[in-house]
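Written out below as structure tokens is the structure these notes cover.
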Amino acid sequence: MKIKIAKKIFSENDKIADINRENFKRHKIFTINLMGSPGAGKTSFLEKSISLLKDKVQVGVIVGDITGIDDAMRINKLQVPVVQLNTGGACHLDANMINNSLQDLPLEEIKLLFIENVGNLVCPADFDLGENIKVTILSLTEGDDKPLKYPLIFKKSSALIINKIDLIPFLEVSIDKIKKDCLLINPTIKIFKVSCKNNEGIENWVKWIMTMIL
Amino acid sequence: MHELSIAYSLLNLAIEECIKRGFSKIQKIKITISSASNIMPEALLFSFNALKQETIAQESILYIEKIPLSGICQSCNTKITTFKPFIIECPVCHDNSLNLQIPDDLKIDEIEVT
């Protein structure tokens, strides 16, 4: 006998993502899911952003990695609440992992929460964590062909951060191509060019974030 | 590579629906996947076949149907559907003003039970 089901296989994850979303809303927290390849500069970008943001807004961070506490130690130096989440092998964060780690954060003291996803341009795009926006960071050393090769993550992101622009004299990559391809995939994506080395562009991004949360 | 956890979720969902309706064996599970999804059907099938052992779905077959992406070219008005993960250019007029819609991916469509 045939039975029509028509149920989302991600429904378990989505249910918990909705619980997270409610929780964020109740605490008036704006949440950003930051995604990008290993080495794109996610943690450096967070360090630079937080340095500028922490006098303006109360920031909290969840950092996801397969193993290790290196990222949390770096963020901890900035004296903002941080939780290190170890997936033990999983290539992405899911809503349940976030739900569990929220217990370790002082939510009433946070207005802006960054979730640094596991370094990966593929799997994190599929999982709703309950965030307000997804942001993808792509560094110039990864090459300018990445948006067309991994379209889904760019399609689902509200902003693209192009990092390591200080390296442009040494590389054969085109920032224009990255921008053009990304806008073809997602015409409404907001694009920021930054260097975590010399701080170029970080202020622009921080200004934009402030407009999102106010 | 999150096919294993997806296979686990879909197997659990199918078993739950089967038992809830008073049946004891699953013969077929049909799922739909968006073409834009990052899921590999082969890896999903492999994971599913490993996980179904010693469950009421152990003799079941998993059917995976890919759902195409669709959009209308803003330049020549042609309605486009594609099974590729993404396309930028309109295949008719070669303009880049296709804004493809990504279908709601990954659903259990139906199960066959006894």
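The values are calculated or read from the model by the stated rules, or taken from the named source; none is laboratory data. The model shown is predicted, which means the values in this text are computed figures rather than measured ones. All Cβ positions, even for glycine, are placed from backbone atoms using ideal geometry, and neighbour counts span all protein chains on display. Only protein heavy atoms, including side chains, enter the accessible area calculation; ligands, DNA and RNA are left aside. Shrake-Rupley method; radii C 1.70, N 1.55, O 1.52, S 1.80 Å.
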Checklist entry - What single numbered condition from (1) open to solvent by 20 Å² or more (accessible area, probe 1.4 Å); (2) farther than 29 Å from A:Ile19 by Cβ fails to hold for A:Ser139? => result (1)
Checklist outcome for this item: Subset of the range B:101-114, residues out of contact with any Phe, Trp or Tyr (no Cβ under 7 Å at 6 or more places or on another chain) and surrounded by 14 or more Cβ atoms within 10 Å (Cβ to Cβ), comes to B:Ile102, B:Pro103, B:Asp105, B:Lys107, B:Ile108, B:Asp109, B:Glu110, B:Ile111, B:Glu112
Checklist entry - Looking at A:Ile3, A:Ile16, A:Ile32, A:Ile62, which one is touching a helix residue (DSSP H, G or I) at 6+ places or on another chain (Cβ under 6 Å) and assigned to a strand (DSSP E or B)? => result A:Ile62
Checklist entry - Out of all the residues in the range B:48-87, which are under 11 Å from B:Gln101 (Cβ atoms) and among the hydroxyl-bearing types (Ser, Thr, Tyr)? => result B:Ser70, B:Thr81
Item to check | Total residues in the range A:88-114, condition away from chain B (no Cβ under 14 Å) and either open to solvent by 10 Å² or more (accessible area, probe 1.4 Å) or of a type outside the set (Val, Ile, Thr) (or both) | outcome: 15
Next on the checklist: If I go through the range B:59-100 residue by residue, how many of them are open to solvent by 70 Å² or more (accessible area, probe 1.4 Å), in contact (Cβ under 8 Å) with a residue 24 or more places away in the chain, in contact with a Pro (Cβ under 9 Å, 6 or more places away or on another chain) and away from chain A (no Cβ under 13 Å)?
Outcome noted: 2
Checklist entry - Which of the residues that make up the range A:154-193 are of a type in the set (Lys, Arg), under 21 Å from A:Val206 (Cβ atoms) and in a helix (DSSP H, G or I)? => result A:Lys179
Checklist entry - Here is a list of conditions, (1) farther than 14 Å from A:Gly130 by Cβ; (2) away from every other protein chain (no Cβ under 14 Å); (3) surrounded by fewer than 22 Cβ atoms within 10 Å (Cβ to Cβ), and A:Ala6 meets all of them except one; can you say which number that is? => result (2)
